[in-house]
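Q: Once you've had a glance at the structure underneath, I'll fire off some questions.
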Amino acid sequence: MAQEDVFKKIVSHCKEYGFVFPSSDIYDGLGAVYDYGQNGVELKNNIKQYWWQSMVLLHENIVGIDAAIFMHPTTWKASGHVDAFNDPLIDNRDSKKRYRADVLIEDQLAKYDEKIDKEVQKAAKRFGDSFDEAQFRATNARVLETAAKRDALHERFAKALNDVNLEELRQIILDEEIVCPISGTRNWTEVRQFNLMFSTEVGSTADGASKIYLRPETAQGIFVNYLNVQKTGRMKLPFGIAQIGKAFRNEIVARQFIFRMREFEQMEMQFFVKPGTELDWFPQWKKTRMAWHQALGFGAENYRFHDHDKLAHYANAATDIEFKMPFGFKEVEGIHSRTNFDLSQHAKYSGKKVEYFDPETNESFTPYVIETSIGVDRMFLSVMCHSYEEQQLENGETRVVLHLPAALAPVKLAVLPLVKKDGLPEKAQEIINDLRFHFNCKYEEKDSIGKRYRRQDAIGTPFCVTVDHDTLQDNMVTLRYRDTMEQRRVPISELRSLIEDQVTITSLLKKLI
Ligand code: ATP
């Protein structure tokens, strides 16, 4: 099945099984805003817990905070967001659709790559086993010609971005003959800068109102609390502050479901270190964060680092952790060495001293920062994409199964009475009453056992038990495993020990140490 179709299926599966709904669905939704349903919220909470505990529980020198979404407006002046948090946008006059100029050009670059890949695939078919792909890529005239065009475009594009040259971005779109996918025309407007921050007003009257922003990242809530936490927590360098919370960006192009949203959630940790040690910490955090992702068991080949060529002026190292989504490798997390930029800016704009006094050397200085920043929703999407499978069974049937890591699954155990009578529902309820304090259990009695198993497979429940007439005599149940569909008879008294160790967040955390 084409990857595009797989992605469409995942999106509709998310809706059908109560994971993700379009926001305000009865009014036909709101662009790039989504709600999490009864199963989605459990999965999302488990992802957040996994992250939070890996930071705050496993590191003695990391503490958490929960800062407000609204912040003093000067925060965003100091951080640079008021002046520089912009995307270049362009409109097509015929379709009246708005695009990000840089995304149109990136798509064009991807088209050159696709063209090269097609040539390679064609040649691989033609030459069969004797095909040497590396040699073909290095020597074939058509491939070389396309690669040269791509490289020239890449260079021109990077320069235009670096120089913030909006006219040049437009000229590239014209020269490359990029058309609007809706109208098919090249009737483009000028390129304009568009600030991504949402603003609103505080104050009781319009006159007295003052403009404030919905935070576009959670990080600034940490920076402005650096002194509070350091002093009240008597924190010694190096130490970190972690936070999970909503962020808002007025994204011009809302695409790819929950990958790019206007209201989303971030999990950020700023790690404060002595100046001069940041480039020792940077690779350590890369390693720690990659290990966190890989402990989920999705396979190392589905992740890669993408080091930034172009660094923000205040950063001295930056990388993304990318995950292989059905639409290609995409950024899920950013790791940045941000120097002392943010703390220094807040010191400058607030007039306060934002420093660290080192009792060992009797010196004061502004700490440097390594930040790890991951989107909860993108993480959710990567878990969904990797877990979804349409499986062909030996008996000719198909089933949709979500191979969620058991620790992240919304429901850990479904308890199913074989029939709705003869005391079986009561027995099933008894089992749940006992186990619900330890992990999330669900009772289900409607439809045949086969249908009930399928429903649980579709939401990723790792274990089901069936209560039958024999259970009333021998206190044994049939335990069924989601992935293998293996079934075995086990005593009710052993259920907790058989399941608990595999479904807790602790089971994941133990893989990290
Ligand atoms: P992109 O280049 O994809 O716009 P970014 O580099 O601007 O992302 P950061 O500012 O580094 O992203 O934010 C850190 C993380 O927050 C990202 O890795 C991503 O997981 C998440 N994130 C950022 N923007 C969005 C969004 N609009 N919707 C969902 N998640 C987002």
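Q: All but one of (1) away from the ligand (no atom under 16 Å from the Cβ); (2) basic (K, R); (3) at negative phi; (4) more than 22 Å from the chain's Cα centre (by Cα) hold for K8; which doesn't?
A: The number of the failed condition is (4).
Q: Quick check on E322: is it under 25 Å from L404 (Cα atoms), within 13 Å of the ligand (Cβ to nearest atom) and surrounded by 19 or more Cβ atoms within 10 Å (Cβ to Cβ)?
A: Criteria not met by E322.
Q: Can you tell me which condition E301 does not meet? The list is (1) away from the ligand (no atom under 12 Å from the Cβ); (2) of a type in the set (D, E, K, R); (3) within 18 Å of the chain's Cα centre (by Cα); (4) surrounded by 17 or more Cβ atoms within 10 Å (Cβ to Cβ), and all the others hold.
A: Of the numbered conditions (1) away from the ligand (no atom under 12 Å from the Cβ); (2) of a type in the set (D, E, K, R); (3) within 18 Å of the chain's Cα centre (by Cα); (4) surrounded by 17 or more Cβ atoms within 10 Å (Cβ to Cβ), the odd one out for E301 is (4).
Conditions (1) touching a Gly at 6+ places or on another chain (Cβ under 9 Å); (2) among the acidic types (D, E); (3) open to solvent by 20 Å² or more (accessible area, probe 1.4 Å), marked per residue:
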{"position": "L311", "(1), (2), (3)": "no, no, yes"}
{"position": "G328", "(1), (2), (3)": "no, no, yes"}
{"position": "N340", "(1), (2), (3)": "no, no, yes"}
{"position": "K352", "(1), (2), (3)": "no, no, yes"}
{"position": "Y356", "(1), (2), (3)": "no, no, no"}
{"position": "E360", "(1), (2), (3)": "no, yes, yes"}
{"position": "M379", "(1), (2), (3)": "no, no, no"}
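Q: For the condition within 16 Å of the ligand (Cβ to nearest atom), of a type in the set (S, T, Y) and outside the structural domain of I449 (by TED's automatic domain parsing), what is the one hit in S364, S373, S350, S344?
A: S373
Q: Hey, another quick one. Out of everything in region 29-38 that is open to solvent by 60 Å² or more (accessible area, probe 1.4 Å) and more than 20 Å from C385 (Cβ to Cβ), what residue ends up being farthest from the ligand (Cβ to nearest atom)?
A: Per the stated criteria, the residue is Q38.
Q: Could you say whether any residue in region 485-498 is assigned to a loop (DSSP other than H, G, I, E, B), at negative phi and open to solvent by 70 Å² or more (accessible area, probe 1.4 Å)? Break it down stepwise before answering.
A: Kept after step one, since they are assigned to a loop (DSSP other than H, G, I, E, B), are these residues of region 485-498: 485-486.
Next, from what is left, pick out any that are at negative phi: 486.
Now restrict to residues that are open to solvent by 70 Å² or more (accessible area, probe 1.4 Å): 486.
Yes, region 485-498 has at least one match.
Q: How many residues does region 261-296 contain that are open to solvent by 40 Å² or more (accessible area, probe 1.4 Å) and within 16 Å of the chain's Cα centre (by Cα)?
A: 4
Q: Give the residue that is farthest from I492 (Cα to Cα), with candidates limited to residues of region 384-438 that are part of a loop (DSSP other than H, G, I, E, B) and of a type in the set (G, A, S).
A: Ranking the candidates gives G396 first.
Q: Another question about this same structure. So which pairs qualify, if the first residue must be in region 434-450 and not assigned by TED's automatic domain parsing to the domain that holds A414 and at pLDDT 95 or above, the second must be crowded, with 17+ Cβ neighbours inside 10 Å and assigned to a loop (DSSP other than H, G, I, E, B), the Cβ gap must be under 8 Å, and the two must be at least 6 apart or on different chains?
A: Correct list of pairs: empty, since none qualify.
Q: Scanning region 13-28 for residues that are out of contact with any Gly (no Cβ under 9 Å at 6 or more places or on another chain) and within 29 Å of H403 (Cβ to Cβ), which turns out surrounded by the fewest Cβ atoms within 10 Å (Cβ to Cβ)?
A: Within region 13-28, the first condition is being out of contact with any Gly (no Cβ under 9 Å at 6 or more places or on another chain), and the residues that meet it are 13, 16, 24-28.
Cutting the leftovers down to within 29 Å of H403 (Cβ to Cβ) gives us 13, 16, 25.
Values: H13: 18, E16: 10, D25: 12.
Going through the qualifying residues, I end up with E16.
A quick yes/no check of all residues on (1) under 23 Å from the mean Cα position of the chain (by Cα); (2) modelled with pLDDT of 95 or more; (3) of a type in the set (G, A, S):
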site	(1), (2), (3)
G18	yes, yes, yes
F21	yes, yes, no
I26	no, yes, no
S54	yes, yes, yes
L58	yes, yes, no
I65	yes, yes, no
P88	no, no, no
N92	no, yes, no
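The values are calculated or read from the model by the stated rules, or taken from the named source; none is laboratory data. Since this is a predicted model, take the numbers as computed values, not measurements. We place every Cβ from the backbone using ideal geometry, glycine too, and count neighbours over all the protein chains shown. Heavy atoms of the whole protein, side chains included, go into the accessibility calculation; ligands, DNA and RNA do not. Shrake-Rupley method; radii C 1.70, N 1.55, O 1.52, S 1.80 Å.
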